[in-house]
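Student: Please see the structure below; I have some questions.
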Ligand SMILES: [Zn+2]
């Protein structure tokens with residue numbers, strides 16, 4: 001029995017054949033690009049199967065088994081994973097103009113620069129966002145001078161509400177939220193007041209706050225209580241003092257309440273102080289898993305434990321996370337955190353054609369935390385190719 005859809009498509013194919021034989025010189029191809037034969041994993045539609053992905057006009061045109069139509073360009077994805085373009089919500093790629101292009105090669109087709117600068121230098125990161133090949137936005141550091149060796153807001157006068165408000169008002173399109181770094185070496189005893197001011201600024205524009213947690217002077221419960229739905233906690237695996245878990249292995253009630261009201265919890269891999277395997281294990285064991293993976297990417301990430309987002313996505317396989325669960329945390333989940341990405345993180349027909357091709361290699365791998373401790377793993381994801389807005393990106 002032939003379904004109506006199959007009949008119609010067969011009829012359309014026959015009609016096309018009589019008018020324009022395939023391969024006839026001068027006829028435009030049906031699609032711009034077909035990614036053939038890969039294992040397509042798209043958690044947004046619960047798909048995990050061998051499929052072809054056809055792209056036309058910069059958008060996903062079809063995700064089907066054995067697409068027979070022709071295309072201008074073809075990628076042979078046999079043996080590879082084909083997933084929605086990755087979204088990294090905690091990076092510092094906008095500190096240099098090269099950053100966005102470098103992470104694009106890792107499969108990152110959308111990014112957030114999380115507080116590299118404050119009001120004083122906001123123009124620099126916005127220039128990087130404007131010239132980036134893929135969509136990117138910035139979080140303004142509530143500390144007006146940005147990242148400071150002596151601590152962004154150790155001098156409370158740097159948490160300047162007026163300056164931040166003014167910068168956002170002038171750059172509404174490019175600033176997606178406010179970043180507050182609260183560790184003791186960044187904010188000292190000002191942590192609570194710094195967050196209160198960041199929230200004051202963000203709320204007046206309807207924007208989220210992202211807090212950098214861990215090793216704060218104030219108890220974490222007191223800080224997380226200031227977060228509203230849609231705000232983000234990054235560095236959620238930060239070890240004590242003031243982690244999200246208590247000494248007896250229970251997630252703090254204030255943290256559970258925050259998740260219930262819609263606060264997101266993000267990894268923010270980073271390099272120093274943000275992730276230690278024993279804390280990761282204790283938190284994973286409770287079932288309080290991250291909503292999103294992120295790298296906290298900087299120019300030296302390649303040579304530290306970060307390497308790239310696919311590597312960071314591989315780190316929790318040993319704690320029970322499946323491949324699909326890991327991919328969801330770098331695609332559909334982050335697409336819900338910032339409105340900029342609301343139509344991304346998916347391979348739905350009609351969505352922007354941002355695609356990451358990854359390789360899942362089996363072997364002996366070592367994963368690094370921020371304290372020079374390693375865990376062994378048997379699987380690791382590697383970036384293989386990137387398609388942005390339907391176009392194949394050349395790897396350096
Ligand atoms: Zn960061």
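Student: Calculate, in nm to one decimal, what residue 156 and residue 260 gain on full extension: separation in residues at 0.36 nm each, minus their alpha carbon distance.
Tutor: Taking residue 156 through residue 260 to full extension adds about 34.3 nm, to one decimal.
Student: Scaled to the compact-protein estimate 2.2 N^0.38 Å, what is the alpha-carbon radius of gyration of the range 271-396, rounded to two decimal places? All intermediate terms of the calculation are to be shown ahead of the outcome.
Tutor: Details: Rg = 15.2 Å, N = 126, 2.2 N^0.38 = 13.8 Å.
Taking the Cα Rg and dividing by 2.2 N^0.38 Å, one obtains 1.10.
Student: Residues of the range 360-396 with backbone nitrogen within less than 20 Å of a virtual label 7 Å along the Cα-to-Cβ line of residue 29, please, listed as ranges.
Tutor: Only 385-395 fall inside the zone, counting backbone N under 20 Å.
Student: Based on the alpha-carbon gyration tensor of the range 69-227, what equivalent-ellipsoid semi-axes (square roots of 5 times the eigenvalues) come out, in whole Å, largest first?
Tutor: On the way: eigenvalues 225, 59, 37 Å².
They are 34, 17, 14 Å, listed from largest to smallest.
Student: Per residue Cα convex hull volume for the range 168-303, in cubic angstrom? Could you put the intermediate results ahead of the total?
Tutor: Working: hull volume 15.7 nm³, N = 136.
So the per-residue Cα hull volume is 116 Å³.
Student: Still on this structure, I have one more. What FRET efficiency would be calculated for the residue pair residue 66, residue 391, taking the C-beta separation as r and a Förster radius of 30 Å, to the nearest 0.05? Intermediate values should be presented prior to the final figure.
Tutor: Values: r = 24 Å, r/R0 = 0.79.
The computed FRET efficiency comes out at 0.80.
Student: Something else now. Ranking 289, 277, 297 by Cβ neighbours within 10 Å, fewest first, what do you get?
Tutor: Working: 289 16, 277 20, 297 29.
Placing the least packed residue first, the sequence is 289, 277, 297.
Student: Okay, next question. In a Gaussian network model over the chain where Cα atoms closer than 10 Å are linked, find which of 164, 54, 123 has the largest mean-square fluctuation.
Tutor: 123
Student: Using mean Cβ contacts within 10 Å as the protection proxy, how do 133-140, 223-230 order, highest first? Show your work: numbers first, answer last.
Tutor: On the way: 133-140: 24.9, 223-230: 17.8.
Order by mean packing, descending: 133-140, 223-230.
Student: Rounded to the nearest 500 deg cm²/dmol, what is the calculated helix-only ellipticity per residue at 222 nm for the chain, with -39500 (n - 2.57) per DSSP H run of length n ≥ 4? Don't skip to the end; give the middle numbers.
Tutor: Numbers: 12 runs with 99 residues, N = 396.
My calculation for the chain gives -7000 deg cm²/dmol from helical runs alone.
Student: Right, next: Among 342, 116, 221, rank each residue by its count of other Cβ atoms within 10 Å, from fewest to most, as a rough exposure measure. Before the final figure, lay out the partial values.
Tutor: Values: 342 11, 116 25, 221 16.
Exposure proxy ranking, most exposed first: 342, 221, 116.
Student: Between residue 204 and residue 376, what FRET efficiency comes out of the Förster formula 1/(1 + (r/R0)^6) with R0 = 56 Å and r the beta carbon distance, rounded to 0.05?
Tutor: Computed FRET efficiency for residue 376 and residue 204 comes out at 0.70.
Student: Take every Cα-Cα pair in the range 103-196 and report what % of them are more than 22 Å apart. Could the numbers behind the result be given before it?
Tutor: Details: 1263 of 4371 pairs.
So the portion of pairs separated by more than 22 Å is 29 percent.
Student: A follow-up question, please. If I model a spin label at residue 325 and residue 121 as a point 7 Å from the Cα along the Cα→Cβ vector, what separation in nanometres do I get?
Tutor: 3.9 nm
Student: Once you sort the root eigenvalues of the Cα gyration tensor of the range 51-152 as a ≥ b ≥ c, which label holds: rounded (a/c under 1.5), prolate (a/b larger than b/c) or oblate (the other case)?
Tutor: Working: a/c = 3.71, a/b = 3.02, b/c = 1.23.
Judged from the Cα gyration tensor, the range 51-152 comes out prolate (a/c at least 1.5, a/b above b/c).
Student: Rg over Rh of the chain, using C-alpha atoms and the Kirkwood radius, what does it come to? Don't jump to the answer; show the numbers that get you there.
Tutor: On the way: Rg = 22.5 Å, Rh = 21.9 Å.
A ratio of 1.02.
Student: Run the simple label-point estimate for residue 304 and residue 285 please: 7 Å along Cα→C-beta, distance reported in nm.
Tutor: That separation, rounded to one decimal, is 2.8 nm.
Student: If you don't mind, another one. On a 0 to 90° scale, report how tilted helix 191-205 is relative to the longest principal axis of the chain, with both axes built from alpha carbons and the result rounded to the nearest 10.
Tutor: It works out to around 50 degrees.
Student: Length gain on complete extension for the stretch residue 189 to residue 228, per 0.36 nm per residue less the alpha carbon to alpha carbon distance? Don't skip to the end; give the middle numbers.
Tutor: Details: separation 39, 0.36 × 39 = 14.04 nm, distance 2.21 nm.
Length gained, residue 189 through residue 228: 11.8 nm.
Student: How do 121, 274 rank when sorted from fewest to most other Cβ atoms within 10 Å of their own Cβ? Working shown, then result.
Tutor: Details: 121 16, 274 25.
In increasing order of surrounding Cβ atoms, one gets 121, 274.
Student: Oh, and also: GNM on the chain, C-alpha springs below 10 Å: top fluctuator among 28, 383, 100?
Tutor: Ranking 28, 383, 100 by mean-square fluctuation puts 28 first.
Student: Right, next: Checking the a/c ratio against 1.5 first, then a/b against b/c, what shape does the Cα gyration tensor give for the range 70-109?
Tutor: Prolate, because a/c is 1.5 or more and a/b exceeds b/c.
Student: Run a plain Debye calculation on the range 186-243 (Cα atoms as equal point scatterers, no solvent) and give log10 I(q)/I(0) at q = 0.25, 0.27 Å⁻¹, rounded to two decimals, same order as the q list.
Tutor: Log-scaled intensity ratios, in q order: -1.06, -1.20.
Student: Let me ask something additional. Any idea what the relative contact order of the chain is, in percent, if you count C-alpha pairs under 8 Å spaced at least 6 apart?
Tutor: On the way: 940 pairs, mean separation 70.7, N = 396.
Normalised by residue count, the contact order of the chain is 18 percent.
Student: Here is a further query. Take residue 73 and residue 49, extend 7 Å from each Cα along the Cα→Cβ direction, and tell me the distance between the two endpoints in nm.
Tutor: Taking the two extended label points, one gets 2.7 nm.
Student: For a quick check, take a GNM of the chain with Cα springs below 10 Å and name the residue from 31, 92, 212 with the largest mean-square fluctuation.
Tutor: 31
Student: Next question, about the same structure. Please report the antiparallel percentage of the DSSP beta bridges confined to the chain, to the nearest 5.
Tutor: On the way: 35 of 66 bridges.
The answer is about 55 percent antiparallel.
Student: If the chain between residue 278 and residue 250 were fully stretched, how many nm would it gain, using 0.36 nm times the residue separation less the Cα-Cα distance?
Tutor: Details: separation 28, 0.36 × 28 = 10.08 nm, distance 1.40 nm.
Stretched out fully, the residue 278 to residue 250 stretch lengthens by 8.7 nm.
Bear in mind that the values in this text are calculations on the coordinates, not laboratory data. Please read all numbers here as calculations on a predicted model, not as lab measurements. Neighbour counts are summed over all protein chains in view; Cβ atoms, including those assigned to glycine, are modelled from backbone coordinates with ideal geometry.
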